[in-house]
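Reading through the structure tokens given below for one structure.
The values are calculated or read from the model by the stated rules, or taken from the named source; none is laboratory data. Keep in mind the model is a prediction, meaning the values are calculated, not measured. Every residue, glycine among them, receives a Cβ derived from its backbone with ideal geometry; neighbour counts consider all protein chains shown.
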Amino acid sequence: MFGLPLAFSAPLVLGALIALPALWYLLRITPPRPKQIAFPPLRLILDLEPKDQQPARTPWWLLALRLLLAALIILAMAGPIWNPPPRGQAGSGPLVVILDNGWPAALDWDKRVAAANDAIASAAREGRTSAVVATSEGARDVLPADPSRLTERLRALKPLPHTPDRKSTLAPISKFVAANPGADILWISDGVDQGDARAFAEGLIAAAGEKSSVRMLTGARTPVAITSVENAPAALDARLVRAGSAGAESGVLRAYDLKGLSIGEARFAFAGKNEITARLDLPTELRNEIARLEIESERTAGAVALLDSRWKRRRVAIVSGVTADLAQPLLSPSYYVARALAPFAEVREPRAGTRDPIIAALDEQPSLIVLTDVGVISGLARDRLTRFIEEGGVLLRFAGTRLASGAADDLTPVRLRRGGRVLGGSLSWETPRKLAPFDRTSPFSGIDISEEVSVTRQVLAEPEAGLVTKTWAALDDGTPLITADRRGKGLIALVHVTADTTWSNLPLSGLFVNMLRRMVALAGETTEGATTGTSNTPGASRAETIAPTRTLDGFGILGEPPVTAKPIPVNFGGPSNPDHPPGFYGPPDAMVAINTLAPDAKLNVPNFDGLKLDMQALRPAEPIDMRPSLIALAFILFLADALATLWLGGVGRRGKTSATPARAATASALVAGLILVLAAHNAPALAQSAAPASPALNQKMLDAALKTRLAYVVTGDSQIDEASRLGLTTLSRALGQRTALSPAEPMGVDPARDELAFFPVIYWPIAANQPLPAQATATRISEFMKNGGTVIFDTRDALTQRAGGPPTPETAWLRRLLAGVDVPELEPIPRDHVVTKTFYLLENIVGRTTVGQTWIEAMPASVEDAAQRPARAGDSVSPIIITSNDLASAWASDRSGQPLYPLQPGTGRQREMAIRGGVNIVMYALTGNYKADQVHVRDLLDRLGL
Amino acid sequence: MAEARLLAADESAIAGTHRQGALELARRLPSLVVAAKEVAATVMHGVHGRRRAGVGETFWQFRPFMWGESTTKIDWRRSARDDRIYVREREWEAAHTVWIWMDRSPSMAYVSTLALQSKVDRALTLGLAAADLLVRGGERVGAPGLTRPIAARNIVDRLAESLIEEAGRRDHTPAELPPPDALAPRTQIVILSDMLNAPDDIRATIHSIASRGAIGHVVMISDPIEDTFPFMGHTEFLDVDSAARLRLGEAQSFKADYIRRLAAHRDAVREACASRGWSFALHRTDRPASEALLALRMRLEGPQGGTA
């Protein structure tokens, strides 16, 4: 009706619309109630005769509202139906319904089946028989059947995950139409050219001839599909195609992992083009988890892409030549490399103690091997490594003292000069060198270099022909910093500085991470080439074919493979076909993904120009009875009319005090209700958008980090905490007066919550009456100690300790605490320990008491020249000092320097000695074994002849 | 269009705000001193001496003791100075009386959005403020039908209490005009009301009050909406004192008639006042109360006692 998909079931009722003008007249002369006003001087004019008794007219808008209301009710009574069912084809013979059931038809499958059902039903009403042909059936004879059986058959039909060849069905259809003159053909097309749409249409028209008609129904929408996916270094790129502008203009690409959990999503918009790349910008770990990409709102097999291990991240093995203990991770060269690689690659490090770490690393089948300061590689390791590189692996080496001094092996891109050079050392005039910008040909080009990076020492390449082409990065004086060379299918790259911070601060910069990211991307390129060339897929030698595990149906849903699915050959490259439906093939740990479309597939709109084809749109929607909505609308208008009448009558104007709050309350209740409803809809979205906040730097952490300061553990016992605070304050003041260190105010910390890494020394008085910290706290303390911090545990029980007696409560408490901490071997401070020499020369550490023993990490057994050395020190600072002398109480003094706690025994210069002990401990924690070295100064001066 | 409404019963009741407002208003004006009308014995007003011996506080003269007088009147201190016996006489002092009528009828409990205060609030504020001023000036103030003339300093509280007490009475219907009893000569009466009664009633009341020579000051309080009649369209007017109502199709067409009627009514009231030598003033509730109080004070102080 009027070009709209609208029909009336009782059109005669519309005649009542003629009565509307009469209604208008009636409504116009019935006025609303007057407003009432109290008026004290009314007596003055009561006797006046009203001059104009003509009542006020109904306002026009109220009139319009009421007329609309009446019109709506009349319209509703006429029974309007939106999208009325179409009329059938006007033929006389049987009806052949051809149903496209490739994956593009999955888009509106229900509507297609409903359209087929409608056509069959209307044909049956006219006494005609029907037949159904699905294009995937191939050359099967067309047999008419009764409508109920056809409906069942239609219900059993499902779209298939490939595009069937339509033309194979042409022959039986032609035969059928020839046998039944006057037969009509209805082709419910999927609107995609795949499967020779035009040729098929021409064939249908030819088969129909003059007597029969061919009608084609197409959906309003054409599909969007994913053809290929690439895990690029920065993001996951998916190529999306669509068939003409009838496909979705924009949408959401969603990524799922193997369990079907959503990982991420990306919006895409075709913007007029038919082929775009959607970019899924996710961290590499997440990208590697992706097993399935799906275009939301497109429920077809073509809109699903399956990903297997070919799209996974690269594996990197790190082998360190340094046999240093890993207890101090910041000194390990592989630490920085592993941390930098971890975000985008799977890092493997051979376990410590492996006999040949390089072979162990190669057994991990990495695509990139990082060797940090490994000297000469020889023997089997060298052979294996060479083969690895020849086959496409990438070797990344870092220089170091071993490489600088070692004899050359051939696993470096350039020949190296022995020794290297030192820039900006104490015996050199040169200053540390900065990086030069990357050359355009370098794989690193495009990365911004950091001004802060400087190199103090490096190994040098022998000048030789082709050195410039092998240079990927250079210093600002042109010295190569990173060189690389191709070997076979693989690559060797050498960074001319160490992977730790001893030679340069490159490993601390973001540049390092970016360069390693490029290196890993390079490794991916070479190994992929290698795998396709040699086909060393695991299990390839054992099985010739791979059986389907889970396959997609036409709607793009993973399920059990159909019985017709056949295993794929190992080197099956192409897209799916009827025998090999898309899906995952092979065992779960080595699945191969087969996708619906070839990587370069295109979707086209069929061209039916000049064909005698009755083209109609697939009915877009079910018929909608508009009566309920019209009546609901009329009811709302009725309510509005009632409110307007009340308002005109002056309700709410009089009795201001009582009515207004009530009205306001009603209005606010309504608004609140609306908001509640809206909020209920939006609540999940809100909950999703609230991402977990990262732990922010708080003010306390900033304070702790920006100034060096001492710290004490807040025990919860206020007396002890006060003594600790005052003691450390006095000690800080003494340090500021006597030494080069001027610490800021000490800070109380809670080891369970506060970050401890900022403090060189933490003083921990033991309060036995407080609960033990949790195990997690012990782990944090352990970590703090491992990373170079020093904890002074003070049991304050020197006077209650009894040799051979049971442990005091404080000692027992400390033992339980340290049960979860990795404590080194301890010894009482020996006379020659460096802690007794760091600032003052002391005999022992005293506090409020002097009798207690102070324990410190045991030093290695004294070396042969022990007799000559006045001080000994290990390689590092003792992470733990345990005393029982109550140091803080001895240090503590008030603002004017008056001591606060009595000492025991309090003779001589005990308080001064206590402060000196504190100064020594702090200087020991900050300077380490430096004082142990300085004691050689006399020998040095002797040697220099001074 | 301006909106108007009647006050609820609890709103129009006298409350602390009236007392406070009245006191604040009164404190802003200097003490009201009513000028002496006559220098001689016919002084109208109290603390001004009557220039002759009588009941009072101030010393007037010593006179010789006369035979037959009570001996308690002898001023022994003076008598001890010579042989004669003296009596101390004081000057005769008499306070002047002012009656104040505050209309609290339903028609007064009316306020529009244009006004600062309802009419009854304004009448109470003005009346109590005037009472306070007068008492501070030494006069006696009373409310007709409520209290006898009082000269207490807490006159505002006293009047307010009696107003509350009257309003609390069960069978009480507030009158619009003061009771028509003749007042003593040379007393004054202040009538604060909207004066919307029939002009004949008003004239009769004024005449009977003034029949013995009392002087009056009428302040006619009106709401601005009553002066301007800003109504439009289909409106139904309700009277407040009676059940009368008037429905008008086009209220604006009545404006001219109404204003003419109102002017005639006011002229009638003014004429009734003038005929007895009373003063008449108009006061609108959109004007500040102090303005009306100042005008009232001028009249009360006036040389003629207010035939201005």
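Among the residues making up the range A:194-222, those that are over 20 Å from A:PRO94 (Cα atoms), in a loop (DSSP other than H, G, I, E, B) and in contact with a Gly (Cβ under 8 Å, 6 or more places away or on another chain) are A:GLN194, A:GLY195, A:GLY219, A:ARG221.
Taking the criterion of being more than 7 Å from chain A (Cβ to nearest Cβ) and among the small types (Gly, Ala, Ser), the residues of the range B:226-244 that qualify are B:SER242, B:ALA243. In the range B:72-175, counting only helices (runs of 4 or more DSSP H) that sit wholly within it, the ones holding 1 or more residues that are not assigned by TED's automatic domain parsing to the domain that holds B:ALA210 span B:76-79. Screening the range A:376-398 for residues that are β-branched (Val, Ile, Thr) and surrounded by 17 or more Cβ atoms within 10 Å (Cβ to Cβ) and picking the one that is nearest to A:ALA484 (Cα to Cα) gives A:VAL394. Would you be able to say whether some residue in the range B:68-89 is at pLDDT below 85, more than 14 Å from chain A (Cβ to nearest Cβ), over 25 Å from B:GLY213 (Cβ atoms) and touching a Ser or Thr at 6+ places or on another chain (Cβ under 7 Å)? So far as the range B:68-89 goes, no, none of its residues is at pLDDT below 85, more than 14 Å from chain A (Cβ to nearest Cβ), over 25 Å from B:GLY213 (Cβ atoms) and touching a Ser or Thr at 6+ places or on another chain (Cβ under 7 Å). A:ALA774 meets the conditions (1) among the hydrophobic types (A, V, I, L, M, F, W, C); (2) in contact with a helix residue (DSSP H, G or I) (Cβ under 9 Å, 6 or more places away or on another chain); (3) at pLDDT below 85 in every case but one. The failed one is (2). The set of residues in the range A:134-163 that are among the charged types (D, E, K, R) and not in a helix (DSSP H, G or I) comprises A:ARG140, A:ASP141, A:ASP146, A:LYS158. Within the range B:245-276, the set of residues being surrounded by 16 or more Cβ atoms within 10 Å (Cβ to Cβ) and away from every other protein chain (no Cβ under 14 Å) comprises B:ARG270, B:ALA272, B:CYS273, B:ARG276. All conditions but one from (1) modelled with pLDDT under 70; (2) in a helix (DSSP H, G or I) apply to A:LEU23; the one that does not is (1). Take B:LEU296 and decide whether it is modelled with pLDDT of 90 or more, assigned to a helix (DSSP H, G or I) and either within 14 Å of chain A (Cβ to nearest Cβ) or in contact with a His (Cβ under 8 Å, 6 or more places away or on another chain) (or both). Judged against the criteria, B:LEU296 is not a match.
Counting only residues that are at the interface with another protein chain (Cβ under 9 Å from one of its Cβ atoms), in contact (Cβ under 8 Å) with a residue 40 or more places away in the chain and not polar (S, T, N, Q), the range B:196-225 holds 3 of them.
Beta carbons closer than 7 Å, at least 6 apart along the sequence or on distinct chains, pair a first residue in the range A:803-823 that is in the same structural domain as A:GLU783 (by TED's automatic domain parsing) with a second that is of a type in the set (Phe, Trp, Tyr) and buried (at least 17 other Cβ atoms within 10 Å of the Cβ) for A:LEU814/A:PHE793.
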